[in-house]
Amino acid sequence: MKWLCCQLGAREHFAIPRALYRLGMLDYLVTDAWISPSSAFSKLCGRSSKLQNRFHGDLRDARVKAFNSSLLFFEMLSGARDSKGWSKILDRNQWFQRNVVSFLRSQRSTLNSQLVLCSYSYTALEPYRRAKANGWKTVLVQIDPGPEEERIVAEEAARVPQLAANWQPAPPEYWDLWREECKLADRIVVNSEWSREGLVHGGVPAEKISIISLAYEELGVGRRGALQLQRRYPDRFTDERPLRVLFLGLINLRKGIARLLKAARIMREEPVEFWMVGPVEIANASTIADSGRIKWLGAVTPNQAAGFYRSADLFILPTLSDGFAITQLEAQSHGLPVIASKNCGKVVENGLNGIILDEPSALCIAHAVRECIASPDRLEKLASASGVRDKFTIEALVDQLQRLGATL
């Protein structure tokens, strides 16, 4: 049975369509933008454009349908209307779905009559309605724990309103459309037990849900490369050579940032500094800058991110909720030990390649970081065991998708 993958954005570097293509099971990848590095469109966008990552060499010879021109028009129109926030998210999701359905109609006579239509959550409803009319199977790839995650973030925003910025819950329409997607999905794929529990709590039938971990590959590093980095730590951490703790990602409440900042304030007199790398989505960040040993380093390119992974001593992810959190694998690919909460994909093996927090509280974070400050030798052992495990490779994803396909 062939698969048709609908994907808004370049999530996981197109891992699912790449895995299906290796199996000979990919009929089409349908995406918002597909820009070959040698194309005129690529030169028009420029090297700094976010669209430069909308291509993968593994799919060079695959059948790909993209809506490049329509996307540019949509973004120009959104800018003219000053569309932003949830309004723009809903508009973009609807725009993508309209284009997908239009493409499916145009290919009615050429597409396989026995297809699996695979789409990511929040952009699947209209394609699914078309798929069901054609008698196709449907697979929903759920990117997060759904409404349960929103509930967690809402509680955090109420707890620390001074940091909440302009956070707003999704409009009811967003969740209504998602529930319709779930009803039309023959199978729902999540990337972690945490997400599965969230969906079940939100009313999704457990028997519909399959857990498939994310796949990660980085050119030049990979799962073996980390073992070759041979990280070295000082005999002891001092004010002149503090422990360098890296957080990299969206700096927002969902990621546990309020708790991390409180831990930094608790440890302000200790030999540690916290590197905050990524777009800041909390309020009053400038007033927090002097609280503890915090460095605000802003948004970075992938190449710059790799530099921070190489220079840091430890990666931290005190997230309140994540569908998986692929930054854990990015850190491990660079040989970094990881401190993580339980509220995401299970990547860290406690005491072997990192530390799992009992809970993502400031006290638990401070305790875990202090353990690393006190024992550089232990930190070095954790680093030596770091690296992307086989179960998080593209080969493992190929195997899992093959087994999932056999059950449809």
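The values are calculated or read from the model by the stated rules, or taken from the named source; none is laboratory data. Quick caveat: nothing in here was measured; it's all calculated off a predicted structure. Ideal geometry is used to build each Cβ from the backbone, glycine not excepted, and the neighbour counts take in all protein chains shown. Accessible surface areas use protein heavy atoms only, side chains included; no ligands, DNA or RNA. Shrake-Rupley method; radii C 1.70, N 1.55, O 1.52, S 1.80 Å.
Per-structure values
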{"quantity": "Å² per residue, accessible surface of the stretch 22-141 at 1.4 Å", "calculated": "52 Å²"}
{"quantity": "For the chain, share of DSSP beta bridges that run antiparallel, in % to the nearest 5", "calculated": "0 percent"}
{"quantity": "Amide H partners (placed H, <5 Å) of Ile209, local residues excluded", "calculated": "Ile188"}
{"quantity": "Pair His201, Ser38: separation of 7 Å Cα→Cβ label points (nm)", "calculated": "5.0 nm"}
{"quantity": "26 Å tail of the calculated P(r), the stretch 161-280, as % of Cα pairs", "calculated": "52 percent"}
{"quantity": "Apportionment of accessible area to carbon and sulfur, the stretch 58-176, percent (1.4 Å)", "calculated": "49 percent"}
{"quantity": "As computed over the stretch 313-374, the Cα convex hull volume per residue (Å³)", "calculated": "70 Å³"}
{"quantity": "Rounded if a/c under 1.5, otherwise prolate or oblate - the stretch 33-161, Cα gyration tensor axes", "calculated": "oblate"}
{"quantity": "The chain, relative contact order in percent, only Cα pairs under 8 angstrom and at least six apart counted", "calculated": "16 percent"}
{"quantity": "Descending semi-axes in whole angstrom, ellipsoid equivalent of the stretch 97-146, from the Cα gyration tensor", "calculated": "20, 12, 8"}
{"quantity": "Area accessible to solvent at Asp358, 1.4 Å probe radius, in Å²", "calculated": "120 Å²"}
{"quantity": "Kyte-Doolittle mean at least 0.5 and Cα axial length at least 15 Å: DSSP H helices in the chain", "calculated": "362-374"}
{"quantity": "Stretchable slack from Arg105 to Lys391, in nm (0.36 nm times residue separation minus alpha-carbon distance)", "calculated": "99.2 nm"}
{"quantity": "3J(HN,Hα) from dihedral phi, the stretch 27-36, Karplus parametrisation 6.51/-1.76/1.60, rounded to Hz, x for glycine, proline", "calculated": "7, 8, 9, 10, 9, 6, 8, 9, 10, 5"}
{"quantity": "Efficiency of FRET between Lys346 and Asn166 - r from beta-carbon atoms, R0 35 angstrom, step 0.05", "calculated": "0.60"}
{"quantity": "Equivalent ellipsoid, the stretch 83-234 (semi-axes from 5 times Cα gyration tensor eigenvalues, Å)", "calculated": "31, 25, 17"}
{"quantity": "Cα-based convex hull volume of the chain per residue, rounded to whole Å³", "calculated": "145 Å³"}
{"quantity": "Counted charge near Asp176, where neighbours are those whose Cβ lies closer than 15 Å (Asp, Glu -1; Lys, Arg +1)", "calculated": "-2"}
{"quantity": "For the stretch 289-408, the Rg and Dmax computed from alpha carbons only, in angstrom", "calculated": "16.0, 56"}
{"quantity": "Whole-number percent relative contact order across the stretch 158-277, with pairs defined as alpha carbons under 8 Å at least 6 apart", "calculated": "22 percent"}
{"quantity": "Simple label model, 7 Å out from Cα along Cβ direction - Asp58 to Ser384, nm", "calculated": "3.2 nm"}
